[in-house]
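The values are calculated or read from the model by the stated rules, or taken from the named source; none is laboratory data. Predicted model only: the values in this text are computed from it and were never measured. As a convention, Cβ positions derive from the backbone with ideal geometry for all residues, glycine included, and neighbour counts pool all protein chains shown. Each accessible area value is taken on the protein alone, full model and side chains, heavy atoms only, with ligands, DNA and RNA left out. Shrake-Rupley method; radii C 1.70, N 1.55, O 1.52, S 1.80 Å.
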Amino acid sequence: MRDCLTGESMSEKIKSLIDRLGTEHRLSKEEWVTVFSEWDDEDRAYAAEKARALSLAQFGNKIFIRGIVEFSNICKNDCLYCGIRRSNTNAERYRLTEEEILSCCEEGYEYGFRTFVLQSGEDYGAYPPERMAGIVRSIKQAHPDCAVTLSLGELEYDALKLLKEAGADRYLLRHETADREHYGKLHPAEMSFDHRMQCLRWLKELGYQTGAGIMVGSPYQTNECLAEDMVFLAEFDPQMIGIGPFLPHKDTPFKDMRKGSYELTLFLLSLCRIMLPRVLLPATTALGTIRPDGREQGVLAGANVIMPNLSPTAVRKKYMLYDGKICTEDRSAECRDCIKARMKRIGYEVAVTRGDYV
Ligand code: SAM
Ligand code: FES
């Protein structure tokens, strides 16, 4: 708790740092540490108001929707936080065929989706880059007015180039943490912080609209880690930022770890919007899982994207990254209608457009 006098002057200090973020679009690592160590709900409300105004100025009351197709939950990696890690022998594994992926997109198109996100574990044995390139080409051929976003994990430069040439427009690859030591606590030794960061640089170089991001409250995350993340994001200047709370999964080594903070997630969304006003910023499924109206509150805090699920209902429960993931019983049409209604309730509308970064 802040005492009266110090509290008041500290609150002024945090607000003035938020103001400066709005004009200079970056803060030093030390300033970020101050923000994350000292913020309170009033500062969060102050940031949310600024962020919402920026989002409305940039996008109006239109929310971009992306249909996510989770086409395989098989993963060669073993991230300690993730429910589909290879060591989780309780996970029931599945793969969708190209025809099944295309039919999810077909259905999505009818519901007004103009971006399809293909996401999976790192399953390059079954979906080598050449096969993925074929799938991207087929989607683009069937829906030339749609964007394709990939979220396949880390790949080498040539593979990313092949996929870009096949027509992929965007790529989501959360950096997870910009702090090397923290990265080592979230991932097994065989996974490389440098390679993940290198992939992100390649993606930008190849002309992808590139998404980085983090889990808020991932185990061992400190205010210094978050400060590093904000410094990295300011410098990397991604077109998209994926931010959601860490949520434990019962069959992972982090099963007893605390979930991330809902309030801090909202605060971070606002800070990202203020720092990078044009960024495409989803109110994530994890945010909707931690609170029933989390995605609405995310939009009110500055987010402008929602990514409803387009996966076949039969496999949704198997793509369980964390316990309690929402929308696993629903059909795509229900998710679309649900999002439309939720947005309408807070005065926003779902846009039928690709929603590219401008
Ligand atoms: N394999 C691809 C990759 O590594 O980028 C895409 C799939 S991966 C499951 C997508 C994202 O899910 C990760 O970047 C991570 O941030 C998030 N995630 C995984 N486990 C999570 C958990 N327990 N809580 C919240 N988010 C989680
Ligand atoms: Fe699959 Fe982390 S467990 S990428």
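For first residues located in region 99-128 and farther than 20 Å from residue 210 by Cα, partners that are among the hydroxyl-bearing types (Ser, Thr, Tyr) and within 16 Å of ligand 1 (Cβ to nearest atom) and lie 6+ apart or on another chain with Cβ distances below 6 Å form the pairs 123/72.
Scanning region 134-150 for residues that are free of Cβ contacts under 8 Å to residues at least 60 places away in the same chain and closer than 23 Å to residue 319 by Cα, we see that the one that is farthest from ligand 1 (Cβ to nearest atom) is 139. If the condition is being within 14 Å of ligand 1 (Cβ to nearest atom), open to solvent by less than 40 Å² (accessible area, probe 1.4 Å) and not basic (Lys, Arg), then region 81-104 contributes 81, 82, 83, 84, 88, 91.
Just wondering, is there one or more residues in region 32-45 that are under 30 Å from residue 350 (Cβ atoms) and without any contact (Cβ under 8 Å) to a residue 40 or more places away in the chain? Within region 32-45 (the criterion being under 30 Å from residue 350 (Cβ atoms) and without any contact (Cβ under 8 Å) to a residue 40 or more places away in the chain), the answer is yes, since at least one residue qualifies.
Checked against (1) within 16 Å of ligand 1 (Cβ to nearest atom); (2) open to solvent by 40 Å² or more (accessible area, probe 1.4 Å); (3) touching a residue at least 40 places away in the same chain (Cβ under 8 Å); (4) in a helix (DSSP H, G or I), residue 164 passes all but condition (1). Taken residue by residue, region 48-55 has at least one member that is free of Cβ contacts under 8 Å to residues at least 40 places away in the same chain and either out of contact with any Phe, Trp or Tyr (no Cβ under 6 Å at 6 or more places or on another chain) or within 16 Å of ligand 1 (Cβ to nearest atom) (or both).
Open to solvent by 10 Å² or more (accessible area, probe 1.4 Å) and within 14 Å of ligand 2 (Cβ to nearest atom) - does that describe any residue in region 220-237? Taking every residue of region 220-237 in turn, none turns out to be open to solvent by 10 Å² or more (accessible area, probe 1.4 Å) and within 14 Å of ligand 2 (Cβ to nearest atom).
The lone criterion from (1) open to solvent by 20 Å² or more (accessible area, probe 1.4 Å); (2) within 14 Å of ligand 1 (Cβ to nearest atom) left unmet by residue 107 is number (2). Exactly one residue out of 183, 171 is crowded, with 19+ Cβ neighbours inside 10 Å, part of a helix (DSSP H, G or I) and either among the hydroxyl-bearing types (Ser, Thr, Tyr) or without any contact (Cβ under 8 Å) to a residue 12 or more places away in the chain (or both), and it is 183. Which of the residues that make up region 204-235 are touching a strand residue (DSSP E or B) at 6+ places or on another chain (Cβ under 6 Å) and away from ligand 1 (no atom under 14 Å from the Cβ)? If the condition is that a residue be touching a strand residue (DSSP E or B) at 6+ places or on another chain (Cβ under 6 Å) and away from ligand 1 (no atom under 14 Å from the Cβ), then 204, 209 are the ones that fit.
Can you find even one residue in region 103-115 that is closer than 19 Å to residue 202 by Cα and assigned to a loop (DSSP other than H, G, I, E, B)? No, that holds for no residue.
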